[in-house]
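Chemist: Pasting a structure here, questions to come.
Just so it is clear, none of the values below were taken in a lab; they were calculated from the coordinates. Note that the structure is predicted; figures quoted are calculated from it, not measured. With ideal geometry, Cβ positions are generated from the backbone for all residues, glycine too; neighbour counts draw on all protein chains shown.
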Amino acid sequence: MNFVVITHVPHIKQGSNYYGYAPYVREMNIWLKYVDQVTVVAPIENSKLDTLDLNYQHENLTFKAVPSFDTTTFFNSIVTLLKLPYILWRIFVAMKDADHIHLRCPGNMGLLGCLVQIFFPNTPKTAKYAGNWDPNAKQPLSYKIQKWILNHTFLTQNMQVLVYGEWENSSKNIKPFFTATYSDSKKEIIQPRSLHQTIHFVFIGTLSVGKRPLYAIQLVENLKKIGVDVQLSIFGNGILYSELERYIASNHLEAFVFLKGNRDKDEVEMALKESHFLILPSKSEGWPKVVAEAMFWSCLPLTTPVSCVNYMIGNEKRGRLLNLNLEEDVQLVCELIENEALYMKMCIEARNWSQQFTTEYFENEIVKLVR
């Protein structure tokens, strides 16, 4: 089987190996275990490898490089128009020889892949839509076009589109899916933490405007002001790191708010095992792995109603939705702290739900799609 992958992920060549963003490549290596031949159509760049890069594990991999492109400026749009015929031809030729076509969406290459696959209605296909499938979400036009084409059963035939969550008005092409972090061997009956102690909160993610880490700090700060014994650990790095550092210092929060930066997965895992609540006041998500990871360790998520989050937390049976009003969200947390029985019940439901989705289960589902 020639398994053809169309992706926007930039790659780096070193020796005979091709490297890309580790979470993406790690997942792709699971798919590639069950195919004989792989063809990857993607951009390639001259960059140095870093800790977030990982190489494909396959002995029969062909890489078809295409130039990167974007439409962020008028000049870039003109350059993109000149590049498109060559890129579309490369995708078409790869798909012509494919036994299975796999699209990674959303993205600029995903959009072109969606268009070209129309000409191959008989070839088995899968698409991994790693973004927000919510039809009501505010998204770029290119994302909406990809979703429309993938959902359309005449334009897109012989396709299974893996999306996060369950949505109304989905065609037979659409298959609710998930992403896994932990294996079966990691399952533990981690009991929820008692609320009769310092209440530990954790934020994990990029320190960017879209993730709203400042709101997490302000939520914990306001809980402290009304006398709740709290502590917040913030894991991650990003453009807002210095700004958050200044906010913590100027508001004298150093005793209970800690910027941890990027830490290894074992330390982050331990923080989830010891924390009562995860705070994720994000503007946008696909499948927020950190929510599933927190739930796996009986840490209750407090998150915004983006993408499939409400599905993940079972309409607030195993988590709570923030509405980004500090007074109301402080009250929401206080009500949980004051009702330990409810809190414990929600944490256990969260753990039981999340521990279904292990890497073994994920791989078994991938095997069904490929074969």
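Chemist: Using amide H atoms built 1.01 Å from N in the peptide plane, name the residues 5+ places from Ser183, or on other chains, whose amide H lies under 5 Å from its own.
Modeler: Thr359
Chemist: Of Lys33/Lys186; Lys64/Lys128; Lys64/Lys265, which pairs sit farther than 25 Å apart, going by alpha carbon to alpha carbon?
Modeler: Violating the 25 Å Cα-Cα cut-off are Lys64/Lys265.
Chemist: Under 5 Å between amide hydrogens, which residues at least 5 positions from Lys64 or on another chain qualify, with H placed 1.01 Å from N in the peptide plane?
Modeler: Val40, Val41, Ala42
Chemist: Out of every Cα pair in region 1-133, what percent are spaced more than 25 Å from each other?
Modeler: 22 percent
Chemist: His100's amide H: which non-local residues (gap 5+, or another chain) put their own amide H closer than 5 Å, with H modeled 1.01 Å from N in plane and none for Pro or chain starts?
Modeler: Asn2, Val4
Chemist: Of Val309, Ile189, Pro213, which is farthest on the positive side of the dipole of region 188-354, counting Cα position, with +1 on Lys and Arg Cβ, -1 on Asp and Glu Cβ, and the Cα centre as origin?
Modeler: With unit charges placed on the Cβ atoms, the residue in question is Val309.
Chemist: Stretch Thr153-Lys368 to full length: gain in nm at 0.36 nm per residue minus the Cα-Cα span?
Modeler: The span from Thr153 to Lys368 would gain 75.3 nm if fully extended.
Chemist: Another question about this same structure. Using θ = phi - 60° and the Karplus relation 6.51 cos²θ - 1.76 cosθ + 1.60, list the HN-Hα couplings for region 273-280 in order, rounded to whole Hz, with x at every Gly or Pro.
Modeler: Calculated HN-Hα couplings, in order: 5, 9, 8, 8, 9, 9, 10, 9 Hz.
Chemist: Turning to a different aspect of this structure: Can you report the principal axis dimensions of region 212-281 using only the alpha carbons, biggest first, rounded to whole angstrom?
Modeler: 32, 27, 22
Chemist: Report the full-extension gain for the segment Ser16 to Asn2: residue separation times 0.36 nm, less the Cα-Cα distance, to one decimal in nm.
Modeler: 3.1 nm
Chemist: I've got another one for you. Work out the charge dipole of the chain with +1 on the Cβ of Lys and Arg and -1 on the Cβ of Asp and Glu about the Cα centre, then indicate which of Asn46, Ser242, Leu115 is farthest towards its positive end.
Modeler: Ranked along the dipole, the leading option is Leu115.
Chemist: Based on Cα coordinates alone, diagonalise the gyration tensor for the chain, multiply each eigenvalue by 5, take square roots, and list the semi-axes in whole Å, largest first.
Modeler: One finds semi-axes of 39, 22, 20 Å for the chain.
Chemist: Using Cα springs under 10 Å in a Gaussian network model of the chain, which residue among Tyr143, Tyr247, Tyr343 shows the largest mean-square fluctuation?
Modeler: Checking each option, the largest mean-square fluctuation is seen for Tyr247.
Chemist: Run the helix sum for the chain: -39,500 (n - 2.57) per DSSP H stretch of 4+ residues, divided by residue count, reported at 222 nm to the nearest 500 deg cm²/dmol.
Modeler: It lands at -11500 deg cm²/dmol.
Chemist: With charges set only on the Cβ (+1 for Lys and Arg, -1 for Asp and Glu), what does the dipole of the chain come to about its Cα centre, in debye to the nearest 20?
Modeler: Here the chain has a charge dipole of around 1060 debye.
Chemist: What GluC sites (Glu not before Pro) in region 197-305 are in a loop by DSSP, with at most 14 other Cβ atoms within 10 Å of the Cβ?
Modeler: Glu254
Chemist: Per residue of region 44-57, in order, report the coupling 6.51 cos²θ - 1.76 cosθ + 1.60 (Karplus, θ = phi - 60°) as ³J(HN,Hα) in whole Hz, putting x for Gly and Pro.
Modeler: Those phi angles translate into 10, 9, 9, 9, 8, 5, 9, 5, 8, 9, 9, 9, 5, 10 Hz.
Chemist: Calculated FRET efficiency, Val209 and Glu59, Cβ-Cβ r, R0 41 Å, to nearest 0.05?
Modeler: Taking R0 as 41 Å, the efficiency between Val209 and Glu59 is 0.45.
Chemist: When the Cα atoms of region 188-354 are enclosed in a convex hull and the volume is divided per residue, what value in Å³ results?
Modeler: In region 188-354, the Cα hull volume divided by residue count equals 102 Å³.
Chemist: From the backbone phi of region 336-347, what are the Karplus-calculated ³J(HN,Hα) couplings (6.51 cos²θ - 1.76 cosθ + 1.60, θ = phi - 60°) in whole Hz, Gly and Pro given as x?
Modeler: With coefficients 6.51, -1.76 and 1.60, one gets 5, 5, 7, 10, 5, 4, 5, 4, 4, 4, 5, 4 Hz.
Chemist: Hey, another quick one. Once R0 is set to 51 Å, what does the formula 1/(1 + (r/R0)^6) return for the Cβ-Cβ distance between Ser77 and Lys187, expressed as a FRET efficiency to the nearest 0.05?
Modeler: 0.55
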